[in-house]
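Working notes for the structure below.
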Amino acid sequence: MILIAGGGIAGLVMGLTLHQLGLPFQVFERVAEPRPLGVGINLQPNSIRELFDLGLEAELEAIGVRTRQYGFYSKSGREIWVEPRGLHAGYHWPQYSIHRGQFQMMLLRVLRERAGDGAVITGAGVAGYETSGTGATLILTDGRRFDGDVILAADGIHSAIRKQMVPGEGDPIWNGAIMWRGTTQARHFLGGNAMFLAGHDSQRFVAYPISAEDPETGLAEINWIAELRVDPSRALSKGDWNRPADKADFSPAFDGWDFGWVDCPAMIRASGVVYEYPMVDREPLPSWTDGCVTLIGDAAHATYPVGSNGASLAIIDARLLGAAFRDHGVNRAALLAYDAAQRPRVERVLRANRGKGPDAVMQMVEDRCGGVFDDIETVIPRAELAAHAEKYKQLSGFSVEVLNAQPPSLG
Ligand SMILES: Cc1cc2nc3c(=O)[nH]c(=O)nc-3n(C[C@H](O)[C@H](O)[C@H](O)COP(=O)(O)OP(=O)(O)OC[C@H]3O[C@@H](n4cnc5c(N)ncnc54)[C@H](O)[C@@H]3O)c2cc1C
């Protein structure tokens with residue numbers, strides 16, 4: 001029996017993968033009644049390929065937006081670099097921009113339809129574990145104990161299992177930036193299905209649609225993020241995704257960010273509840289595995305939300321672990337094979353994200369010309385911009401040629 005702590009993105013994709021492989025499993029989710037929490041996320045073609053292999057193509061199409069293009073702009077709205085995405089970039093699979101909560105609810109519903117309601121026990125908070133070389137026991141906060149062959153910790157950035165595995169690690173590490181996140185009913189911009197990032201390291205605005213335009217109103221749900229560096233002494237609840245915030249804390253800094261092709265202050269004004277989230281990550285670990293227990297998703301590798309890659313990494317973890325169970329059996333050897341294959345790769349992504357990953361070009365433009373230019377070629381040659389973008393895709397495992405040529409993880 002495979003015991004999974006946490007029914008978020010990683011835990012549910014893990015459950016679907018184990019069901020596909022015909023392996024017995026049980027998911028334990030702390031929340032009693034899961035609700036569609038969060039705002040927008042992006043799923044890259046490498047993870048979409050895995051979700052299609054799980055038969056979720058129609059489900060994704062029903063709730064996601066196929067991202068067509070992705071671009072960086074200066075703080076005055078001038079175009080630095082724009083590239084096609086998903087099918088438009090030549091991948092065999094799309095990229096989707098999607099509401100995190102709707103995506104999680106879809107995964108939960110499909111898992112229950114396929115594996116039965118009992119596959120996910122809700123209201124089951126995990127407190128810790130005991131392990132030997134040949135099995136593990138999951139301990140819930142109410143004292144219940146469940147014996148299994150292995151435990152997979154998919155319990156997110158504040159993982160109780162990681163806390164036990166890495167005593168004294170403390171809170172996630174904050175880099176001094178805060179992201180305010182919201183959604184607004186507005187029209188698509190830049191020709192539709194486009195994501196943009198504008199500004200530089202100290203101040204950024206990011207937006208992308210997570211629904212199609214309504215045929216009657218012409219409006220869509222637009223996900224946006226306003227990011228600022230703030231006084232580091234400010235008290236923050238580190239890594240709470242659902243902390244409502246006051247728009248007055250950040251909106252004045254974006255006055256004047258009406259670029260003509262998009263009006264950022266109007267988007268902030270027209271939104272409903274705004275959530276505040278500090279830019280945090282965690283130090284990479286020398287191992288994710290203790291006996292017959294291993295970490296997946298944010299429990300293993302919370303990274304800055306740079307490069308639109310966090311949920312995709314969690315999905316790939318689950319699929320690689322599935323392949324390891326198929327190849328080695330449900331045992332510690334499989335956990336170690338997954339750990340050895342995925343941990344060094346993810347550590348490179350985490351470190352690249354600390355250096356701002358692909359977004360670093362925005363600060364380069366700010367440093368070189370204060371964000372004002374007529375021809376980007378005179379600031380950074382386009383060939384250099386192209387090489388920078390490609391480097392991150394290779395590092396993260398979604399370079400077009402490599403991904404298209406790769407055999408399926410669970411073929
Ligand atoms: C409520 C919420 C909102 C989010 N909103 C956004 C967003 O707007 N944008 C974005 O980019 N990312 C968001 N994220 C993070 C994003 O989902 C993850 O970075 C990524 O998808 C990796 O998924 P994960 O499954 O590893 O972690 P998560 O998606 O965080 O899932 C972890 C799961 O484990 C459960 N859990 C936690 N502790 C325990 C425990 N002790 N016992 C049992 N279960 C436990 C949680 O309730 C959750 O369901 C959000 C996460 C959460 C939980």
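Miscellaneous remarks
- For region 257-312, a residue qualifies if it is closer than 16 Å to PHE196 by Cα, small (Gly, Ala, Ser) and within 16 Å of the ligand (Cβ to nearest atom), and the qualifying residues are GLY307, SER308.
- Counted as qualifying within region 73-154 are the strands (runs of 3 or more DSSP E) with 1 or more residues that are open to solvent by 10 Å² or more (accessible area, probe 1.4 Å), namely 79-84, 96-99, 126-131, 136-140, 145-148.
- In region 292-311, the residues that are on the phi > 0 side of the Ramachandran plot reach residues that are part of a loop (DSSP other than H, G, I, E, B) with C-beta atoms within less than 8 angstrom, at least six apart or across chains, in these pairs: GLY297/GLY6; GLY297/GLY8; GLY297/ALA154; GLY297/GLY156; SER308/GLN44.
- Flag if ALA352 is within 21 Å of PRO284 (Cα to Cα) and not aromatic (Phe, Trp, Tyr): yes
Condition check ((1) under 19 Å from the mean Cα position of the chain (by Cα); (2) modelled with pLDDT of 95 or more) across all residues:
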residue	(1), (2)
THR137	no, yes
MET165	no, yes
ASN175	yes, no
ILE178	yes, no
GLN185	no, yes
ALA226	yes, yes
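- Region 320-337, subset closer than 14 Å to ILE4 by Cβ and not small (Gly, Ala, Ser), residue surrounded by the most Cβ atoms within 10 Å (Cβ to Cβ): LEU321
- Residue that is nearest to the chain's Cα centre (by Cα), among those in region 187-219 that are aliphatic (A, V, I, L, M) and surrounded by fewer than 21 Cβ atoms within 10 Å (Cβ to Cβ): ALA212
- Residue within region 297-305 that is open to solvent by 30 Å² or more (accessible area, probe 1.4 Å) and modelled with pLDDT of 95 or more present: yes
- TRP174 closer than 30 Å to ILE222 by Cβ and within 14 Å of the ligand (Cβ to nearest atom): no
- A residue that is near the ligand (Cβ under 9 Å from one of its atoms), open to solvent by 20 Å² or more (accessible area, probe 1.4 Å) and either part of a loop (DSSP other than H, G, I, E, B) or within 14 Å of ARG112 (Cβ to Cβ) (or both) occurs somewhere in region 17-30.
- When region 43-71 is limited to residues that are of a type in the set (A, V, I, L, M, F, W, C) and assigned to a helix (DSSP H, G or I), the one that is surrounded by the most Cβ atoms within 10 Å (Cβ to Cβ) turns out to be ILE48.
- Within region 272-296, restricting attention to residues that are among the hydroxyl-bearing types (Ser, Thr, Tyr) and modelled with pLDDT of 95 or more, the residue that is most open to solvent (accessible area, probe 1.4 Å) is SER287.
- Of the residues VAL330, VAL361, VAL349, VAL365, the single one that is on the phi < 0 side of the Ramachandran plot and not in a helix (DSSP H, G or I) is VAL330.
- Test for ARG181: is it among the charged types (D, E, K, R) and without any contact (Cβ under 8 Å) to a residue 60 or more places away in the chain: no
- Region 137-168, residues that are under 16 Å from SER287 (Cβ atoms) and either among the β-branched types (Val, Ile, Thr) or within 15 Å of the ligand (Cβ to nearest atom) (or both): VAL150, ILE151, LEU152, ALA153, SER159, ILE161, ARG162, LYS163, GLN164, MET165, VAL166
- For region 177-186, the set of residues classified as more than 10 Å from the ligand (Cβ to nearest atom) and β-branched (Val, Ile, Thr) consists of ILE178, THR184, listed by residue number.
The values are calculated or read from the model by the stated rules, or taken from the named source; none is laboratory data. Here the structure is a predicted model, which means the values were calculated and not measured. Here the Cβ is made from the backbone with ideal geometry for all residues, glycine too, and neighbour counts use every protein chain on show. Heads up: the accessible areas ignore ligands, DNA and RNA and are worked out on the full protein's heavy atoms, side chains in. Shrake-Rupley method; radii C 1.70, N 1.55, O 1.52, S 1.80 Å.
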